[in-house]
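For reference, the structure discussed in these notes is given below.
The values are calculated or read from the model by the stated rules, or taken from the named source; none is laboratory data. Note that the structure is predicted; figures quoted are calculated from it, not measured. Methodologically, a virtual Cβ is constructed for each residue, glycine included, from the backbone with ideal geometry; neighbour enumeration extends over all protein chains shown.
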Amino acid sequence: MKEKIELAKAYDPEPVEDKWLSHWEKNRVFTPKTTGTEKNFSMVLPPPNVTGSLHMGHALCFTLPDIIVRWKRMQGYNTLWLPGTDHASIAVHNVIEKSLEEKGLSREKLGREKFMEIAWDWKQKYGGVIVNQLVKLGTSLDWTRERFTLDEGFHRAVVRVFVDLYNEGLIYRDYYLVNKCPHCATVLSDIEVEHKELASKLTYIKYPVVGTEDFIVVATTRPETMLGDTAVAVHPEDERYSRYVGQKVLLPLQNKEIPVISDEQVEMDFGTGAVKVTPAHDPVDFELGKRHNLEQVIVIDGFGIMTKEAGEEFAGLDRFACRDLVLARLEEQDLIEKSEDYHHAVGHCYRCKNIIEPNLSWQWFVKVEPLAKDAIRVVEEGEIEFIPSNWAKTYFEWMYNIHDWCISRQLWWGHRIPAWYCQDCDEIIVAESVPERCGKCQSTNLVQEEDVLDTWFSSALWPFATLGWPDETEDLKTFYPTDLMSTGFDIIFFWVARMIMMGLKFAGDIPFRHVFINGLVRDFKRRKMSKSEGNSIDPLEMMKKYGTDALRFTLTALAIPGMDISLSEERMAGYRAFVNKIWNASRFALINLQEEEPELKEEELTLADRWIRSRLTQAIADTNDALEEYKFYEAADKIYHFVWHEFCDWYIELVKPSLKLGNRTSLAVLIDTLDQILRLLHPIMPFVTEEIWQHLPSEGISLALAEFPIPDERRVDKGEEKAMKVLQNAIVELRTLKAENQIPMKQKIRLWVKCGEQEEKAIHTHQAYFEVLAKVESLEILEEFPKGQMMLKGVAGGIEMAIPLEKGLVDFEKEKLRLEKELTKIQTEIEKIENRLGNNAFVEKAPKEVVEEAKTRLQELQDRNKRVGENLEHIQSLI
Ligand SMILES: [Zn+2]
Ligand SMILES: [Zn+2]
């Protein structure tokens, strides 16, 4: 029996992790019951892109909620954490089109059907990469419920939402200015546009005012767009131009008269204060044009080529070639006043790095404002809570300034928009299934919209569509609304806000109660991690090197709400040491555990037993409190401190004399404390805790399903904690004395003690602790220390201690030299700090913390100076 329960000598993470991963899967440990429970807890996983591969941001974003979900599961909740992946239109197009390009192919050459076949094949083959990595991270997801944003059920949900919104007038089609990549020939959302500083020219062009000799000068970085100008605008209060408002200018090269208008949005102090207005090619001008009913003249097409509207000379030219020609022609007519160097941010396509082109085309939109109202209310009224709460402000800022949402994308991989155009009349049919004929002219000549929906449109339905909506499933009844959404701040608007709007509208309730926003993972110098900088840390590599538990614990210990994480490999090495420490303590406990289960008898509890039970209760309360408030770092810190500094450093040593005496109660306390520690740690470190726990006499399929500790107030014993503190202080002092005087820790010593009656009792009763922890072989309690005897003296609380110095304990000559050297060193440093603190300029100007730190350090040095001085005196008198 004993061999069976003994742990391996050293902890080897990989085989242990593999073993429990398959055990959890085989036993469906993370699959909840669907019905008949009232105490439910649910979350949906932010679906990573199918193209994804686990990076440190993911590791953080998935570890933290896993801690909560494991904690809730252990608290007895019927718990669901539902996984899945996102089809990520653009990212998949990127991958596939790149490989097509290498073969000299393109999606246009291939055709829609063939392309979709390739895309699905690719998804089947590679879409599981991130899934496997998620599993390896130990996330307790219910893979039997795995979903994909492009699966059949999801498509039904998407189509239902689209059709309903369309029928309600909340989806419409409009001519709109969108960001278009001329190379990829697709519309990009604002986040898909990368802004890069570029050196360019600001050209000042003269527009002649009709009927006068005057010019209005406008400045532009994109002269070719002037061909599509339909007005010149000035600020209404700009006196330089007030006389021209309502007049016309002659648009150069096009020989066309356009009006001078006034608009509040024009910045008086930018350029000349007068701006050219090109509604079809600039987002600001587009809005301005709408306000003033200006004509939209498209002079550049979606591929970056000049159109017929640009004029005979320019039509067919590339936009940049056209720019040169426009400048040359203006120069010839002496219409360029000047040209300046100019640096400004220009939008680039995030996939092919070409400069994007604002482009007018037919697009589909969601009218967001009516949906936003409720979504604002539920956060205002606290139904949905952001953690940290300041993110609610960010949310409101976006929601109060919301624009309609362009949902169409000129891509194929995605949910194809369920709209059909009648080829024989102008009817548009929006329907859940393919319509047979046009309702207006009965024609059967119908063509479906080519565009697909923005990926965010489907992920907005994630919390309820994954649970079976639009069907009324048991899952939906049991697990909706979910309890927690954990995600990054960068998608509060793109994702969180839209889930709230869609959840309220279609599932009839908020999608989740809490939104936990995690920080960014940065390197140890607080720089953003990036592959190109070479400072990124690969989580998979770290898991291999230090074990998954060490990685998880590191991320947890660094997760201070509202702050970014500053990560280093050293931290992980440190927490691997923590894992090993737990392993070794557990080995010790298990070696002592005999066949029969130890029995706990109250009357046999030692001071150490009562103390560790009291401290454990505190650790349990602290951990629960911290998790309740999503203070992950605090939970990690409290457990770490308890396990390392109280359980391992003290209790394991203190329990040894008891065990030697065959005290089965102490053994029971040791095993019980270990069991509780494993439970406390399990949500953060699922693997090593499961491995050890399965060696304990406890029963159950998995530690993941065992009960999470709750504090038992009856075990709190402040009196015993205080008594223990007295002994601990005395022992620490003794060990310090030994260390300072170069006496090896293992060297046995005699000890004289002077103390009050109460301490005397404590010391007498617990003499064994001195023996084990400070190697005191004989301890005498004296009224007075013998005169004339040489000794090393120390004080702790009310206890005076002395180690009589005898030959053989210390090499006096050598020790004297060492102490003298140390004293000089200490005194030099004291002088330095005293000088600094004596300097008024330093004290006044330095940050408060720095001054405080110096003062503390000075006090420490002065104490040390005194001690070393005393020890030196003793030694000198011995020689
Ligand atoms: Zn592109
Ligand atoms: Zn028709």
With the condition kept exactly as written, say whether any residue in segment 545-565 is of a type in the set (Lys, Arg) and without any contact (Cβ under 8 Å) to a residue 40 or more places away in the chain.
yes
Quick one: in segment 172-192, which of the residues that are within 16 Å of His93 (Cα to Cα) and out of contact with any helix residue (DSSP H, G or I) (no Cβ under 9 Å at 6 or more places or on another chain) is nearest to ligand 2 (Cβ to nearest atom)?
Val187
Taking Glu777, is it at pLDDT 85 or above, surrounded by fewer than 13 Cβ atoms within 10 Å (Cβ to Cβ) and not in a loop (DSSP other than H, G, I, E, B)?
yes
Within segment 292-326, track down each residue that is in contact with a helix residue (DSSP H, G or I) (Cβ under 7 Å, 6 or more places away or on another chain), in a loop (DSSP other than H, G, I, E, B) and of a type in the set (Gly, Ala, Ser).
Gly304, Gly311, Ala315
Yes or no: segment 327-345 includes at least one residue that is buried (at least 16 other Cβ atoms within 10 Å of the Cβ), closer than 29 Å to Ile90 by Cβ and either in contact with a helix residue (DSSP H, G or I) (Cβ under 7 Å, 6 or more places away or on another chain) or among the aromatic types (Phe, Trp, Tyr) (or both).
no
Does Ala739 count as touching a Ser or Thr at 6+ places or on another chain (Cβ under 9 Å) and not in a strand (DSSP E or B)?
no
Considering only segment 642-684, state which residues are outside any helix (DSSP H, G or I) and in contact with a Phe, Trp or Tyr (Cβ under 6 Å, 6 or more places away or on another chain).
Pro683, Ile684
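Quick grid of which residues meet (1) within 28 Å of Glu17 (Cα to Cα); (2) surrounded by 18 or more Cβ atoms within 10 Å (Cβ to Cβ):
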| position | (1), (2) |
| --- | --- |
| Ala559 | yes, yes |
| Asn580 | yes, no |
| Ile591 | yes, no |
| Glu603 | no, no |
Taking segment 65-91 and keeping only residues that are assigned to a helix (DSSP H, G or I) and modelled with pLDDT under 95, one is left with Ser89, Ile90, Ala91
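A quick yes/no check of all residues on (1) away from ligand 2 (no atom under 16 Å from the Cβ); (2) over 21 Å from Lys201 (Cβ atoms); (3) surrounded by 14 or more Cβ atoms within 10 Å (Cβ to Cβ); (4) among the small types (Gly, Ala, Ser):
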residue: Asp282; (1), (2), (3), (4): yes, no, yes, no
residue: Gly304; (1), (2), (3), (4): yes, no, yes, yes
residue: His348; (1), (2), (3), (4): yes, no, yes, no
residue: Arg351; (1), (2), (3), (4): yes, yes, yes, no
residue: Ala375; (1), (2), (3), (4): yes, yes, yes, yes
Flag if Asp483 is of a type in the set (D, E, K, R), at pLDDT 90 or above and touching a helix residue (DSSP H, G or I) at 6+ places or on another chain (Cβ under 6 Å):
no
Complete set of residues in segment 551-598 that are over 23 Å from Asp66 (Cα atoms), of a type in the set (A, V, I, L, M) and modelled with pLDDT of 95 or more:
Ala585
Take Gly127 and tell me if it is out of contact with any Leu (no Cβ under 6 Å at 6 or more places or on another chain), under 20 Å from Leu540 (Cβ atoms) and touching a residue at least 40 places away in the same chain (Cβ under 8 Å).
yes
